[in-house]
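I have placed the structure first, in the form of C-alpha cells, so that the comments after it can refer back to it.
The values are calculated or read from the model by the stated rules, or taken from the named source; none is laboratory data. No experiment lies behind these values; they were computed from the predicted model shown. Methodologically, a virtual Cβ is constructed for each residue, glycine included, from the backbone with ideal geometry; neighbour enumeration extends over all protein chains shown. Calculation scope for accessible area: heavy atoms of the full protein, side chains included, ligands and nucleic acids excluded. Shrake-Rupley method; radii C 1.70, N 1.55, O 1.52, S 1.80 Å.
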Amino acid sequence: MTDSADRDDDINKPAQGPDVGDQNEIYGEDGSIRQDYLTAIGAAIADRDVLFLRENVIPLHESELGDLLESINQQQRQALVSLLGDDFDFSALTEVDEAIRLEIVGALPNSKIAEALGDLDSDDAVYILEDLEVADQLEILAALPFTERVRLRRSLDYPEDTAGRRMQTEFVAVPPFWTVGQTIDYMREEEDLPERFSQIFVIDPTFKLVGAVDLDRILRTKRQSRIEDVMEDTRYRIDAEMDQEEAAQLFEQYDLLSAAVVDENGRLVGVLTIDDVVDVIHEEADEDIKRLGGVGDEELSDNITSTVRSRFSWLLINLGTAILASWVISLFDATIEQMVALAVLMPIVASMGGNAGTQTMTVTVRALATRDLDIYNAGRIIRREASVGLINGFLFAVIIGVVAGLWFASSGLGGIIAVAMVINMLAAALAGILLPLLLDKIGADPAIASAVFVTTVTDVVGFFAFLGLAGWWLSLA
C-alpha cells in the first residue's frame with residue numbers, strides 16, 4: 001500500500017511541478033491538472049487516507065477543487081466528498097457541470113445539504129438549489145434559519161436567468177442621516193456582513209434605494225461627514241427581473257464592479273457583483289456556441305442517453321432539410337444523366353455557400369447577443385455582408401471556373417459553375433444575416449434555429465442555380 005509520505009514525495013517532485021503550497025501546484029504546463037497529482041489523490045481515496053486528502057485538497061481554491069472533481073470518476077467523487085465530510089467546500093459545486101453537481105448533491109441527505117448551504121453566500125446557495133427538485137428545495141429551505149431561508153426564497157422566486165437569481169442578498173445598507181464615523185463603526189462591529197464588498201448602499205425607511213458610496217470614498221472622508229453628503233446616485237441600478245445577459249452588458253458598458261438590484265418598487269433586494277457577471281458572460285457565450293451547433297445545454301459529463309436525446313431533434317431537422325436538397329437535385333436527374341461532371345462539381349457550390357453562410361450567421365448571432373446589431377445599423381451591415389458575398393463569390397468563381405474548365409476540358413462548364421458560385425455566395429451572405437434578424441424579430445432564438453435554415457437556403461439555392469444553369473446550357477448545345 002502506498003503511504004501518505006510517498007504520495008507527498010511524488011507530488012512535490014521538481015520535475016513534475018511546483019511544490020505544494022504554490023498557487024498553481026495542481027496544474028501542469030498545459031493548464032490541466034497534473035497526472036501525478038490525480039494519481040496520488042486517487043490512491044489516497046482508495047486507501048481512505050483522510051490526512052493526505054485534508055492536506056492536499058482542503059487548501060484548494062473552489063475553482064481548483066471543481067477542476068479536480070471533473071477530472072476524477074464518479075466513484076472517486078462520491079468517496080472524496082464523504083471522506084472530507086464537513087471540510088468539503090460546497091462552493092466548488094458552482095464550478096462544475098450541472099450533471100456532476102446533481103450527482104454529488106443527489107447522494108447526500110437534504111439535512112447535510114442544508115447545513116452546507118448555510119455557510120455559503122446566497123448567490124452560490126441559490127446556484128446549487130435551483131437545479132434540485134422542488135420537494136428537495138422546500139425540505140432544505142425548511143431546515144435553514146429563518147433569515148437565510150427568506151433570503152434564498154427571495155432569489156428563487158425570480159425567474160431563471162434573471163439578475164434576481166444571480167444576485168447576492170448579503171449587502172451593507174445604511175440610512176442617509178448616518179455619519180461616516182457611524183458607518184465605519186457599524187462595519188467594524190456588525191458580524192452579519194458580507195465577506196467582501198466594495199459599495200455601501202443608502203436606503204430610506206421603506207428600504208428604497210437612494211444612493212451608494214464606494215468604500216474608498218468612505219475611507220477618505222472625515223468621520224463627522226453625513227452619508228447623504230458623500231453618496232452618489234445609483235444610475236446603473238438593475239431590475240431584479242432583468243435578463244442576466246442584459247445585466248452583464250451593463251457591467252461591460254460602464255465598467256462596474258457591483259450594482260444594486262431592486263424590485264419593481266425600487267426597494268433594494270440584493271447586489272450583483274463582477275464575479276457573478278463573469279460567470280454569466282461565460283455561461284451565455286457557451287450557450288450560444290452550443291446552440292449554434294444544435295447541442296442545447298449539453299455538458300461533457302452527460303451520459304450517453306441524455307446526449308443522444310439532446311442531439312437527436314436537431315439531427316432530425318437536418319435530415320428533413322437534406323431531403324429537401326435531395327428533392328431539388330432529383331428535379332434535374334435528366335440533366336445529371338447527360339453530364340456526369342455535374343454530380344462531381346455540385347457539392348462544391350453547396351459547400352462553399354454553406355461555409356460562407358455560416359461565417360455571416362456566426363457574426364450576426366453574436367452581434368445580436370451583444371446588442372451591437374440593431375435597427376439603426378442593420379441596413380449598413382446587410383449592405384456590407386452582401387458586398388462581401390459578391391466579392392468572395394466573384395473571386396472563387398474565377399478559381400473554380402478555371403479549375404472546372406481545365407479538369408473537364410469544357411470552358412462552358414467552367415462558366416456555369418462560376419455563375420452558380422456567385423449566386424450562391426450572395427444568397428449565403430444574405431441568408432446569414434437576414435434569417436437571424438428575422439428570427440430575432442419574431443421572438444425566436446437565432447442561435448438555435450439559424451444554422452439549419454441558413455444551410456438549407458445555401459443547399460437549395462446552390463443546387464438549383466448550378467443544375468438549372470447547366471440544364472439551360474445543355475439545352476442550347
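Whenever a residue of segment 96-116 is under 14 Å from Leu138 (Cα atoms) and small (Gly, Ala, Ser), its partners that are outside any helix (DSSP H, G or I) and open to solvent by 20 Å² or more (accessible area, probe 1.4 Å), lying with C-beta atoms within less than 9 angstrom and at least six residues away or across chains, give the pairs Ser111/Ala143; Ala114/Ala143.
Take Gly443 and decide whether it is under 30 Å from Gln249 (Cα atoms) and open to solvent by 20 Å² or more (accessible area, probe 1.4 Å). Answer is yes for this residue. Number of residues in segment 254-266 that are more than 13 Å from Ile200 (Cα to Cα), of a type outside the set (Phe, Trp, Tyr) and open to solvent by 40 Å² or more (accessible area, probe 1.4 Å) equals 3.
Going by the conditions given, is Ala427 at pLDDT 90 or above and crowded, with 19+ Cβ neighbours inside 10 Å? The answer is yes for Ala427.
Selection of first residues in segment 427-441 that are under 14 Å from Ala367 (Cα atoms) and of second residues that are open to solvent by 80 Å² or more (accessible area, probe 1.4 Å), restricted to Cβ pairs under 6 Å at least 6 apart or on distinct chains, gives the following pairs, ordered by first then second residue: Leu435/Phe453. For segment 359-367, the criterion of being farther than 21 Å from Ala451 by Cβ, open to solvent by 20 Å² or more (accessible area, probe 1.4 Å) and out of contact with any helix residue (DSSP H, G or I) (no Cβ under 7 Å at 6 or more places or on another chain) is met by no residue.
Please tell me if Asp286 is among the acidic types (Asp, Glu), open to solvent by 80 Å² or more (accessible area, probe 1.4 Å) and not in a loop (DSSP other than H, G, I, E, B).
So Asp286 fails the test.
Output the residues belonging to segment 218-227 that are in contact with a strand residue (DSSP E or B) (Cβ under 7 Å, 6 or more places away or on another chain) and either in a helix (DSSP H, G or I) or loosely packed, with under 13 Cβ neighbours inside 10 Å (or both). Scanning segment 218-227 gives Ile218, Arg223, Gln224, Ile227.
Residues checked against (1) crowded, with 18+ Cβ neighbours inside 10 Å; (2) part of a helix (DSSP H, G or I); (3) on the phi > 0 side of the Ramachandran plot; (4) among the β-branched types (Val, Ile, Thr):
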site	(1), (2), (3), (4)
Arg196	no, no, no, no
Thr206	no, no, no, yes
Asp216	no, yes, no, no
Tyr236	no, no, no, no
Ala247	yes, yes, no, no
Glu252	no, yes, no, no
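Going through segment 123-145 one residue at a time, which ones are open to solvent by less than 40 Å² (accessible area, probe 1.4 Å) and of a type in the set (A, V, I, L, M, F, W, C)? Ala125, Val126, Ile128, Leu129, Leu132, Ile140, Leu141, Leu144 - these are the residues of segment 123-145 that are open to solvent by less than 40 Å² (accessible area, probe 1.4 Å) and of a type in the set (A, V, I, L, M, F, W, C). As a summary of the residue check, Asn377 satisfies the conditions (1) over 23 Å from Asp459 (Cβ atoms); (2) surrounded by 14 or more Cβ atoms within 10 Å (Cβ to Cβ) except for the one numbered (2).
Scanning for something outside any helix (DSSP H, G or I) and modelled with pLDDT under 90, does segment 451-459 turn up at least one residue? No; the residues of segment 451-459 include none that is outside any helix (DSSP H, G or I) and modelled with pLDDT under 90. Exactly one of (1) open to solvent by 40 Å² or more (accessible area, probe 1.4 Å); (2) among the small types (Gly, Ala, Ser); (3) more than 19 Å from Glu115 (Cα to Cα); (4) out of contact with any strand residue (DSSP E or B) (no Cβ under 7 Å at 6 or more places or on another chain) is unmet by Gly181. Its number? Looking at each condition in turn, Gly181 falls short on (1). Restricting to segment 401-417, what's the tally of residues that are part of a helix (DSSP H, G or I) and open to solvent by 20 Å² or more (accessible area, probe 1.4 Å)? Within segment 401-417, residues that are part of a helix (DSSP H, G or I) and open to solvent by 20 Å² or more (accessible area, probe 1.4 Å) number 7. Here Glu160, Glu148 are screened, and the one residue that is open to solvent by 40 Å² or more (accessible area, probe 1.4 Å) and in a loop (DSSP other than H, G, I, E, B) is Glu160. When Ile323, Ile336 are checked against the criterion of being in a helix (DSSP H, G or I), modelled with pLDDT under 85 and more than 27 Å from the chain's Cα centre (by Cα), a single residue qualifies: Ile336. Counting only helices (runs of 4 or more DSSP H) that fall entirely inside segment 57-112 and contain at least 1 residues that are over 22 Å from the mean Cα position of the chain (by Cα) and within 24 Å of Glu283 (Cβ to Cβ), the qualifying elements are 74-84, 98-106. Do we find a residue being under 21 Å from Glu283 (Cα atoms) and either polar (S, T, N, Q) or modelled with pLDDT under 90 (or both) anywhere in segment 141-158? Looking through segment 141-158, at least one residue is under 21 Å from Glu283 (Cα atoms) and either polar (S, T, N, Q) or modelled with pLDDT under 90 (or both).
Quick one: is Val457 open to solvent by 20 Å² or more (accessible area, probe 1.4 Å) and touching a residue at least 60 places away in the same chain (Cβ under 8 Å)? Taking the combined requirement at face value, the residue satisfies it.
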